[in-house]
1. Taking only pairs that are 8 or more places apart or on different chains, how many Lys pairs in the stretch 23-202 have Cα atoms under 22 angstrom apart?
2. Could you list which residues have their amide H under 5 Å from that of Ser38, counting only those 5 or more apart in sequence or on another chain, with H placed in the peptide plane?
3. Taking only the alpha carbons of the stretch 32-108, what extent do you get along each of the three principal axes, in Å, biggest first?
4. Shape call for the stretch 23-202 from the C-alpha gyration tensor, a ≥ b ≥ c root eigenvalues: rounded (a/c under 1.5), prolate (a/b greater than b/c) or oblate?
5. At 0.36 nm per residue, and after removing the present C-alpha to C-alpha distance, how many nm does the segment from Glu70 to Asn87 gain when stretched out fully?
6. What are the ³J(HN,Hα) values, in whole Hz, obtained from phi via the Karplus relation 6.51 cos²θ - 1.76 cosθ + 1.60 with θ = phi - 60°, for each residue of the stretch 42-54 in sequence order, with x given for Gly and Pro?
7. Quote the charge dipole size of the stretch 51-162 about the Cα centre in Debye, to the nearest 20; the model charges only the Cβ of Lys and Arg (+1) and of Asp and Glu (-1).
8. Computed FRET efficiency, Cβ-Cβ of Glu30 and Met167, R0 25 Å: what is it to the nearest 0.05?
Amino acid sequence: MKKYSIILSSLWLLASVVLPAQLYADHTREHVTLQCDSEQVLNEFNNKLELGPRLYTLVEQKNYVTVEDELTAKINAIIEQAKFVLNMYPKNLHVKVVVLPTAKECSAVFAKKYGLREKKIAYYSLSENTIYISATDTRVGVVAHELAHAIVDSYFSERPPYHIHEMLAQSVEQHLESNEELITAFRRLDENGAMLKNVRAMYPRRDG
């Protein structure tokens with residue numbers, strides 16, 4: 001009997017790590033639905049998501065009152081810059097962002113879905129069109145990287161190979177604060193920029 005009690009207790013603990021409690025936030029604005037089950041975690045995520053001056057200018061143009069409003073405004077600003085860097089503007093782009101307390105919870109969700117034990121501070125699930133991210137480990141480059149994956153998947157009807165996906169996501173990280181002139185030069189002169197042009201020509205678009 002004691003053995004079964006231990007098993008049940010272990011299952012309950014696993015569920016408490018993997019499955020979210022009642023949501024504190026479930027907020028949709030423009031391209032983003034934001035979900036989180038804790039006010040404290042949401043505030044930490046917001047504090048860690050520090051934008052540079054170029055992106056913050058986009059946020060200041062939005063009207064926001066709550067933390068949820070501010071966060072979705074920040075994420076939408078990153079999306080707009082990412083689309084510009086990639087020169088990809090998918091129709092009906094929308095992504096869910098699930099904010100988890102730490103890498104432990106993010107890794108647990110990843111393990112439950114894929115059966116793999118890896119430390120994850122963030123990842124994008126193609127099948128769910130959802131980004132899972134650790135609030136403790138948040139930085140703007142990580143968010144931009146995962147959003148780039150979502151944009152690329154929304155843009156192409158045939159998914160490019162993993163290494164190309166990563167190259168595109170890294171390019172977005174690199175040019176988050178770049179102006180139009182730098183991004184134009186990147187597309188023309190940089191090796192990744194040249195590859196980006198070839199990728200866009202090679203794979204069929206969803207709206208093309």
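1. 27
2. Those lying under 5 Å, H to H, from Ser38 are Tyr24, Ala25.
3. For the stretch 32-108, the Cα extents along the three principal axes come out at 35, 26, 21 Å.
4. Values: a/c = 1.87, a/b = 1.27, b/c = 1.47.
Cα axes put the stretch 23-202 in the oblate bin.
5. Numbers: separation 17, 0.36 × 17 = 6.12 nm, distance 2.55 nm.
Fully extending the segment from Glu70 to Asn87 adds 3.6 nm.
6. Each residue's phi maps through the Karplus curve to give 5, 5, 5, 4, 5, 5, 6, 7, 8, 8, x, x, 5 Hz.
7. 300 debye
8. Working: r = 27 Å, r/R0 = 1.07.
That gives a FRET efficiency of 0.40.
Every read-out reported here was derived from the displayed coordinates using simple, explicitly stated rules and does not represent laboratory data. Computed from a predicted model, the values in this text were never measured in an experiment. With ideal geometry, Cβ positions are generated from the backbone for all residues, glycine too; neighbour counts draw on all protein chains shown.
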